[in-house]
Amino acid sequence: MFAGALADKIPGMTSGRRALTALHLLLVWATMAAAVPVLGFGLVMAAWGGGRGATAPVLLLGVPLTVGLLATTAAPARTVVPLCGSVPQRLGWAVSVFVLGTLGVLAGLAAYYGGVDLGGARTRIALAGAPYAVAAAFFVPNRRVRLGAVTVLAAGVVYGGFVGPAQAEQRRQEAEAARYREHAELLYLGAAPPGMQLSRAEAGPASFSVDYRGVREDVFSYVALTVRSPLTPTPRCPDLREKGVTCTVDAHGEMRMVRDLPSGEHAVTLVRRYRKAEVEVTSQTLGEPGLRRLLNTLHPLSDEELEKLMREKKINRSF
(Lines give C-alpha, C1' and ligand atoms only; values in the text may rest on other atoms or scores of the structure.)
Protein backbone atom coordinates (compact mmCIF):
# COMPACT_ATOMS: atom_id res chain seq x y z
CA MET A 1 0.00 0.00 0.00
CA PHE A 2 0.87 3.69 0.08
CA ALA A 3 2.51 3.46 3.51
CA GLY A 4 4.62 0.51 2.42
CA ALA A 5 5.92 2.42 -0.56
CA LEU A 6 7.05 5.19 1.74
CA ALA A 7 8.90 2.74 3.94
CA ASP A 8 11.75 2.72 1.46
CA LYS A 9 14.76 4.89 2.11
CA ILE A 10 13.77 8.54 2.24
CA PRO A 11 16.63 11.04 2.08
CA GLY A 12 16.70 13.38 5.03
CA MET A 13 15.18 10.87 7.47
CA THR A 14 16.89 8.41 9.78
CA SER A 15 15.90 4.77 9.74
CA GLY A 16 13.93 5.27 12.96
CA ARG A 17 11.99 8.20 11.55
CA ARG A 18 11.36 6.29 8.33
CA ALA A 19 9.92 3.41 10.34
CA LEU A 20 7.75 5.78 12.40
CA THR A 21 6.49 7.49 9.24
CA ALA A 22 5.62 4.17 7.62
CA LEU A 23 3.93 2.95 10.82
CA HIS A 24 2.02 6.21 11.14
CA LEU A 25 0.64 6.08 7.59
CA LEU A 26 -0.06 2.36 7.87
CA LEU A 27 -2.06 2.92 11.06
CA VAL A 28 -4.05 5.72 9.40
CA TRP A 29 -4.83 3.53 6.41
CA ALA A 30 -5.77 0.44 8.45
CA THR A 31 -7.87 2.38 10.95
CA MET A 32 -9.88 4.23 8.33
CA ALA A 33 -10.18 1.17 6.07
CA ALA A 34 -11.99 -0.45 9.01
CA ALA A 35 -13.91 2.58 10.31
CA VAL A 36 -15.21 4.17 7.10
CA PRO A 37 -17.09 1.10 5.78
CA VAL A 38 -18.69 0.64 9.22
CA LEU A 39 -19.76 4.29 9.30
CA GLY A 40 -21.06 4.07 5.74
CA PHE A 41 -22.98 0.88 6.49
CA GLY A 42 -24.54 2.54 9.53
CA LEU A 43 -25.66 5.50 7.44
CA VAL A 44 -27.18 3.25 4.79
CA MET A 45 -29.07 1.14 7.33
CA ALA A 46 -30.31 4.24 9.16
CA ALA A 47 -31.53 5.83 5.92
CA TRP A 48 -33.15 2.57 4.83
CA GLY A 49 -34.97 2.15 8.13
CA GLY A 50 -35.99 5.72 8.91
CA GLY A 51 -35.22 7.97 5.96
CA ARG A 52 -32.68 10.75 5.70
CA GLY A 53 -33.59 12.16 9.10
CA ALA A 54 -32.46 8.97 10.78
CA THR A 55 -28.89 9.47 9.52
CA ALA A 56 -28.34 12.54 11.73
CA PRO A 57 -27.83 10.57 14.99
CA VAL A 58 -25.45 8.21 13.21
CA LEU A 59 -23.40 11.15 11.94
CA LEU A 60 -23.46 12.92 15.31
CA LEU A 61 -22.17 9.80 17.02
CA GLY A 62 -20.10 8.17 14.28
CA VAL A 63 -18.08 11.15 13.05
CA PRO A 64 -16.66 12.18 16.48
CA LEU A 65 -15.84 8.55 17.26
CA THR A 66 -14.08 8.14 13.93
CA VAL A 67 -12.13 11.38 14.41
CA GLY A 68 -11.16 10.29 17.92
CA LEU A 69 -10.04 6.92 16.62
CA LEU A 70 -8.05 8.64 13.91
CA ALA A 71 -6.39 10.87 16.50
CA THR A 72 -5.06 7.81 18.33
CA THR A 73 -3.10 6.81 15.24
CA ALA A 74 -1.12 10.06 15.52
CA ALA A 75 0.36 9.19 18.92
CA PRO A 76 3.32 7.19 17.49
CA ALA A 77 4.08 10.07 15.11
CA ARG A 78 4.63 12.76 17.75
CA THR A 79 8.28 13.10 16.79
CA VAL A 80 7.61 12.88 13.04
CA VAL A 81 4.59 15.14 12.52
CA PRO A 82 4.78 18.49 14.34
CA LEU A 83 0.98 18.80 14.42
CA CYS A 84 0.76 15.62 16.50
CA GLY A 85 2.82 16.88 19.45
CA SER A 86 -0.06 17.36 21.89
CA VAL A 87 -3.61 16.07 22.35
CA PRO A 88 -5.30 19.26 21.05
CA GLN A 89 -2.94 19.28 18.08
CA ARG A 90 -3.67 15.64 17.34
CA LEU A 91 -7.40 16.35 17.41
CA GLY A 92 -6.93 19.23 14.98
CA TRP A 93 -4.78 17.02 12.78
CA ALA A 94 -7.40 14.26 12.89
CA VAL A 95 -10.18 16.65 11.86
CA SER A 96 -8.10 17.92 8.93
CA VAL A 97 -7.19 14.41 7.77
CA PHE A 98 -10.80 13.25 8.18
CA VAL A 99 -12.18 16.12 6.10
CA LEU A 100 -9.60 15.79 3.32
CA GLY A 101 -9.81 12.00 3.27
CA THR A 102 -13.61 12.05 3.20
CA LEU A 103 -13.50 14.30 0.16
CA GLY A 104 -11.37 11.63 -1.50
CA VAL A 105 -13.81 8.90 -0.48
CA LEU A 106 -16.74 10.90 -1.88
CA ALA A 107 -14.84 11.37 -5.14
CA GLY A 108 -14.22 7.62 -5.24
CA LEU A 109 -17.91 6.91 -4.64
CA ALA A 110 -18.85 9.28 -7.45
CA ALA A 111 -16.45 7.47 -9.77
CA TYR A 112 -17.73 4.06 -8.64
CA TYR A 113 -21.38 4.93 -9.23
CA GLY A 114 -20.30 6.39 -12.56
CA GLY A 115 -19.20 2.92 -13.61
CA VAL A 116 -15.47 3.07 -12.80
CA ASP A 117 -14.15 -0.36 -11.83
CA LEU A 118 -12.70 -0.29 -8.30
CA GLY A 119 -12.29 -4.04 -7.93
CA GLY A 120 -14.10 -6.42 -5.63
CA ALA A 121 -15.51 -5.79 -2.16
CA ARG A 122 -12.20 -6.41 -0.39
CA THR A 123 -10.36 -4.07 -2.72
CA ARG A 124 -12.93 -1.33 -2.22
CA ILE A 125 -12.69 -1.70 1.57
CA ALA A 126 -8.90 -1.39 1.35
CA LEU A 127 -9.22 1.65 -0.90
CA ALA A 128 -11.50 3.34 1.65
CA GLY A 129 -8.49 4.03 3.86
CA ALA A 130 -6.17 5.23 1.09
CA PRO A 131 -7.43 8.85 0.86
CA TYR A 132 -6.83 9.33 4.58
CA ALA A 133 -3.29 7.94 4.36
CA VAL A 134 -2.60 10.28 1.44
CA ALA A 135 -4.01 13.24 3.40
CA ALA A 136 -1.90 12.29 6.43
CA ALA A 137 1.22 12.13 4.25
CA PHE A 138 0.85 15.81 3.36
CA PHE A 139 1.33 16.67 7.05
CA VAL A 140 4.68 14.85 7.21
CA PRO A 141 7.40 17.51 6.88
CA ASN A 142 9.42 15.64 4.28
CA ARG A 143 9.52 16.53 0.60
CA ARG A 144 9.80 12.94 -0.62
CA VAL A 145 6.83 11.81 1.46
CA ARG A 146 4.71 14.67 0.15
CA LEU A 147 5.88 13.98 -3.39
CA GLY A 148 4.75 10.38 -2.95
CA ALA A 149 1.36 11.63 -1.75
CA VAL A 150 1.07 13.92 -4.79
CA THR A 151 1.95 10.99 -7.07
CA VAL A 152 -0.71 8.75 -5.52
CA LEU A 153 -3.26 11.57 -5.66
CA ALA A 154 -2.47 12.29 -9.31
CA ALA A 155 -2.75 8.59 -10.17
CA GLY A 156 -6.15 8.47 -8.49
CA VAL A 157 -7.36 11.55 -10.36
CA VAL A 158 -6.16 10.20 -13.71
CA TYR A 159 -7.76 6.80 -13.18
CA GLY A 160 -10.97 8.04 -11.59
CA GLY A 161 -11.44 10.97 -13.94
CA PHE A 162 -10.16 9.67 -17.27
CA VAL A 163 -8.97 6.06 -17.56
CA GLY A 164 -11.72 4.51 -15.44
CA PRO A 165 -14.63 6.33 -17.13
CA ALA A 166 -13.23 5.45 -20.56
CA GLN A 167 -13.03 1.79 -19.57
CA ALA A 168 -16.54 1.96 -18.10
CA GLU A 169 -17.90 3.44 -21.33
CA GLN A 170 -16.16 0.71 -23.31
CA ARG A 171 -17.72 -1.98 -21.10
CA ARG A 172 -21.12 -0.33 -21.42
CA GLN A 173 -20.87 -0.29 -25.21
CA GLU A 174 -19.76 -3.92 -25.29
CA ALA A 175 -22.67 -4.93 -23.03
CA GLU A 176 -25.12 -2.95 -25.16
CA ALA A 177 -23.77 -4.53 -28.35
CA ALA A 178 -24.11 -7.97 -26.75
CA ARG A 179 -27.77 -7.24 -25.99
CA TYR A 180 -28.35 -6.33 -29.63
CA ARG A 181 -26.62 -9.55 -30.65
CA GLU A 182 -29.01 -11.70 -28.59
CA HIS A 183 -30.98 -12.31 -31.81
CA ALA A 184 -28.13 -12.16 -34.31
CA GLU A 185 -30.08 -14.33 -36.77
CA LEU A 186 -32.30 -11.30 -37.49
CA LEU A 187 -29.62 -8.63 -37.79
CA TYR A 188 -29.35 -8.08 -41.53
CA LEU A 189 -28.80 -4.83 -43.33
CA GLY A 190 -29.03 -3.70 -46.93
CA ALA A 191 -27.09 -0.96 -48.69
CA ALA A 192 -28.99 2.32 -48.69
CA PRO A 193 -30.54 3.09 -52.11
CA PRO A 194 -29.03 6.00 -54.07
CA GLY A 195 -29.96 9.35 -52.55
CA MET A 196 -31.04 7.73 -49.28
CA GLN A 197 -29.47 6.95 -45.92
CA LEU A 198 -30.25 4.78 -42.95
CA SER A 199 -32.45 6.83 -40.65
CA ARG A 200 -33.40 4.49 -37.82
CA ALA A 201 -33.11 0.86 -36.78
CA GLU A 202 -34.95 -1.06 -34.10
CA ALA A 203 -34.05 -4.50 -32.78
CA GLY A 204 -36.64 -6.63 -31.04
CA PRO A 205 -36.96 -10.22 -29.88
CA ALA A 206 -38.78 -11.28 -33.06
CA SER A 207 -37.86 -8.67 -35.67
CA PHE A 208 -35.29 -6.14 -36.84
CA SER A 209 -36.58 -3.09 -38.70
CA VAL A 210 -34.67 -0.44 -40.62
CA ASP A 211 -35.94 2.84 -42.07
CA TYR A 212 -34.22 4.50 -45.02
CA ARG A 213 -34.99 8.13 -45.79
CA GLY A 214 -33.82 10.64 -48.36
CA VAL A 215 -30.61 12.56 -47.84
CA ARG A 216 -32.34 15.74 -49.02
CA GLU A 217 -35.01 16.95 -46.63
CA ASP A 218 -37.00 18.69 -49.36
CA VAL A 219 -37.54 15.42 -51.24
CA PHE A 220 -39.66 12.71 -49.63
CA SER A 221 -38.36 9.18 -50.05
CA TYR A 222 -38.82 6.27 -47.72
CA VAL A 223 -38.08 2.55 -47.62
CA ALA A 224 -38.86 0.18 -44.75
CA LEU A 225 -36.94 -3.06 -44.30
CA THR A 226 -38.11 -5.67 -41.79
CA VAL A 227 -36.34 -8.90 -40.92
CA ARG A 228 -38.38 -11.33 -38.84
CA SER A 229 -38.70 -14.94 -37.89
CA PRO A 230 -40.76 -16.72 -40.56
CA LEU A 231 -44.32 -17.63 -39.63
CA THR A 232 -44.92 -19.95 -42.59
CA PRO A 233 -42.62 -22.31 -44.53
CA THR A 234 -42.77 -19.97 -47.54
CA PRO A 235 -44.13 -16.43 -48.01
CA ARG A 236 -47.87 -16.47 -48.70
CA CYS A 237 -50.29 -13.86 -49.92
CA PRO A 238 -52.97 -12.93 -47.40
CA ASP A 239 -56.27 -14.73 -47.92
CA LEU A 240 -58.23 -11.51 -47.47
CA ARG A 241 -56.97 -8.57 -49.46
CA GLU A 242 -58.16 -5.00 -49.59
CA LYS A 243 -59.50 -3.46 -52.75
CA GLY A 244 -56.71 -2.27 -55.00
CA VAL A 245 -54.20 -4.80 -53.67
CA THR A 246 -52.61 -7.39 -55.93
CA CYS A 247 -50.35 -10.15 -54.65
CA THR A 248 -48.34 -12.90 -56.34
CA VAL A 249 -45.73 -15.46 -55.30
CA ASP A 250 -43.20 -16.50 -57.94
CA ALA A 251 -41.54 -19.87 -58.44
CA HIS A 252 -38.65 -18.88 -56.16
CA GLY A 253 -41.01 -18.24 -53.26
CA GLU A 254 -40.72 -14.44 -53.41
CA MET A 255 -43.93 -12.56 -52.71
CA ARG A 256 -44.81 -9.33 -54.51
CA MET A 257 -47.63 -7.12 -53.30
CA VAL A 258 -48.75 -3.84 -54.88
CA ARG A 259 -51.21 -1.51 -53.17
CA ASP A 260 -52.91 1.30 -55.10
CA LEU A 261 -52.86 4.59 -53.20
CA PRO A 262 -55.47 7.38 -53.43
CA SER A 263 -52.80 9.68 -54.86
CA GLY A 264 -52.46 7.41 -57.87
CA GLU A 265 -49.10 6.07 -56.73
CA HIS A 266 -48.33 2.50 -55.74
CA ALA A 267 -46.82 1.01 -52.59
CA VAL A 268 -44.70 -2.01 -53.48
CA THR A 269 -43.84 -4.75 -50.99
CA LEU A 270 -41.43 -7.62 -51.63
CA VAL A 271 -40.97 -10.54 -49.25
CA ARG A 272 -38.33 -13.24 -49.60
CA ARG A 273 -36.51 -15.76 -47.46
CA TYR A 274 -32.92 -14.99 -46.55
CA ARG A 275 -31.15 -17.78 -44.71
CA LYS A 276 -33.32 -18.52 -41.65
CA ALA A 277 -35.18 -15.22 -41.71
CA GLU A 278 -37.99 -13.62 -43.69
CA VAL A 279 -37.19 -10.21 -45.16
CA GLU A 280 -39.72 -7.62 -46.24
CA VAL A 281 -39.09 -4.32 -48.02
CA THR A 282 -41.79 -1.82 -48.83
CA SER A 283 -41.88 1.65 -50.35
CA GLN A 284 -44.12 3.98 -52.28
CA THR A 285 -41.25 6.10 -53.59
CA LEU A 286 -38.75 3.44 -54.65
CA GLY A 287 -39.77 1.18 -57.48
CA GLU A 288 -39.61 -2.59 -57.63
CA PRO A 289 -36.15 -2.69 -59.28
CA GLY A 290 -34.74 -0.53 -56.48
CA LEU A 291 -36.31 -2.75 -53.82
CA ARG A 292 -34.81 -5.83 -55.46
CA ARG A 293 -31.38 -4.20 -55.51
CA LEU A 294 -31.78 -3.48 -51.80
CA LEU A 295 -32.68 -7.13 -51.13
CA ASN A 296 -29.70 -8.28 -53.16
CA THR A 297 -27.32 -6.31 -50.91
CA LEU A 298 -28.51 -7.94 -47.68
CA HIS A 299 -25.67 -8.92 -45.36
CA PRO A 300 -25.20 -9.65 -41.66
CA LEU A 301 -24.85 -6.51 -39.57
CA SER A 302 -21.12 -6.14 -38.90
CA ASP A 303 -19.57 -5.02 -35.62
CA GLU A 304 -18.40 -1.80 -37.28
CA GLU A 305 -21.90 -1.03 -38.59
CA LEU A 306 -23.47 -1.76 -35.21
CA GLU A 307 -20.91 0.42 -33.44
CA LYS A 308 -21.62 3.27 -35.87
CA LEU A 309 -25.38 2.97 -35.36
CA MET A 310 -24.92 3.02 -31.60
CA ARG A 311 -22.51 5.95 -31.75
CA GLU A 312 -24.92 7.96 -33.93
CA LYS A 313 -27.87 6.86 -31.74
CA LYS A 314 -29.74 5.49 -34.74
CA ILE A 315 -30.58 2.13 -33.18
CA ASN A 316 -32.67 1.16 -30.19
CA ARG A 317 -34.25 -1.93 -28.72
CA SER A 318 -37.92 -2.85 -28.47
CA PHE A 319 -39.42 -5.30 -26.02
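Yes/no matrix, rows are residues, columns are (1) over 29 Å from residue 164 (Cβ atoms); (2) hydrophobic (A, V, I, L, M, F, W, C); (3) touching a Lys or Arg at 6+ places or on another chain (Cβ under 7 Å); (4) part of a helix (DSSP H, G or I):
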| position | (1), (2), (3), (4) |
| --- | --- |
| 55 | no, no, no, yes |
| 76 | yes, no, no, yes |
| 79 | yes, no, no, no |
| 83 | yes, yes, no, yes |
| 107 | no, yes, no, yes |
| 119 | no, no, no, no |
| 123 | no, no, no, yes |
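Go through the residues of the range 202-215 one by one and say whether even a single one is at pLDDT 90 or above, among the acidic types (Asp, Glu) and over 26 Å from the mean Cα position of the chain (by Cα).
Scanning the range 202-215 turns up at least one residue that is at pLDDT 90 or above, among the acidic types (Asp, Glu) and over 26 Å from the mean Cα position of the chain (by Cα).
State whether one or more residues within the range 74-82 are modelled with pLDDT of 95 or more, within 18 Å of residue 36 (Cα to Cα) and not charged (D, E, K, R).
So far as the range 74-82 goes, no, none of its residues is modelled with pLDDT of 95 or more, within 18 Å of residue 36 (Cα to Cα) and not charged (D, E, K, R).
Give the residue, chosen from 256, 216, 241, 236, that is surrounded by 19 or more Cβ atoms within 10 Å (Cβ to Cβ) and free of Cβ contacts under 8 Å to residues at least 40 places away in the same chain.
256
Being assigned to a strand (DSSP E or B) and touching a Leu at 6+ places or on another chain (Cβ under 8 Å) is the filter here, so list the residues in the range 197-221 that pass it.
198, 201, 203, 207, 208, 209, 210, 211, 212
If a residue has to be in contact (Cβ under 8 Å) with a residue 60 or more places away in the chain and either more than 20 Å from residue 279 (Cβ to Cβ) or polar (S, T, N, Q) (or both) to count, how many in the range 158-193 make the cut?
Final tally of qualifying residues: 4.
Here's the yes/no breakdown for (1) surrounded by fewer than 17 Cβ atoms within 10 Å (Cβ to Cβ); (2) within 27 Å of residue 137 (Cβ to Cβ); (3) at pLDDT 95 or above; (4) not hydrophobic (A, V, I, L, M, F, W, C):
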| residue | (1), (2), (3), (4) |
| --- | --- |
| 150 | yes, yes, yes, no |
| 154 | yes, yes, yes, no |
| 157 | yes, yes, yes, no |
| 163 | yes, yes, yes, no |
| 170 | yes, no, no, yes |
| 173 | yes, no, no, yes |
| 178 | yes, no, no, no |
| 181 | yes, no, no, yes |
| 184 | yes, no, no, no |
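The values are calculated or read from the model by the stated rules, or taken from the named source; none is laboratory data. What you see is a predicted model, and the numbers here were worked out from it, not measured in a lab. Counting neighbours? That spans all protein chains shown, and the Cβs are built from the backbone with ideal geometry, glycine included.
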